[in-house]
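Have a look at the structure below, then the notes.
The values are calculated or read from the model by the stated rules, or taken from the named source; none is laboratory data. Here the structure is a predicted model, which is why all the values come from computation and not from measurement. Please note: Cβ atoms are built from the backbone with ideal geometry, for glycine as well, and neighbour counts cover all protein chains shown.
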Amino acid sequence: MTIVVNSKPQELPEAATVADLIEQMKLGEKRVAVEVNTELVTKTEWKSHRLKDGDKVEVVTFVGGG
């Protein structure tokens, strides 16, 4: 299936979850926020939230600074 991640098309297997996407993007150790079709998906929901063909996903990473 094809989803759009941060305005770029990306291929994922059917029935992939948000957790699968984060793993594919190699962001597992980073602090990130995920929004699917303008709705926030909390980290506790990542493994159960299945993505669908055509979903629009925004992934934002947090960086510290000072």
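Within the range 54-66, the set of residues being modelled with pLDDT of 95 or more and either part of a loop (DSSP other than H, G, I, E, B) or over 11 Å from the mean Cα position of the chain (by Cα) (or both) comprises Gly54, Asp55.
Filter the range 16-42 down to the residues that are modelled with pLDDT of 95 or more and more than 17 Å from Asn6 (Cβ to Cβ), then identify the one that is farthest from the chain's Cα centre (by Cα). Result: Thr42.
Residues that are among the β-branched types (Val, Ile, Thr) and surrounded by fewer than 10 Cβ atoms within 10 Å (Cβ to Cβ) within the range 28-64 comprise Thr38, Thr44, Val63, listed in sequence order.
Among the residues making up the range 38-53, those that are in a loop (DSSP other than H, G, I, E, B), in contact (Cβ under 8 Å) with a residue 24 or more places away in the chain and not aromatic (Phe, Trp, Tyr) are Lys47, Ser48, His49, Leu51, Lys52, Asp53. Among the criteria (1) surrounded by 13 or more Cβ atoms within 10 Å (Cβ to Cβ); (2) assigned to a strand (DSSP E or B); (3) out of contact with any Lys or Arg (no Cβ under 8 Å at 6 or more places or on another chain), the one Leu21 does not fulfil is (2). Checked against the criterion of being surrounded by 13 or more Cβ atoms within 10 Å (Cβ to Cβ) and not hydrophobic (A, V, I, L, M, F, W, C), the range 7-15 has at least one qualifying residue.
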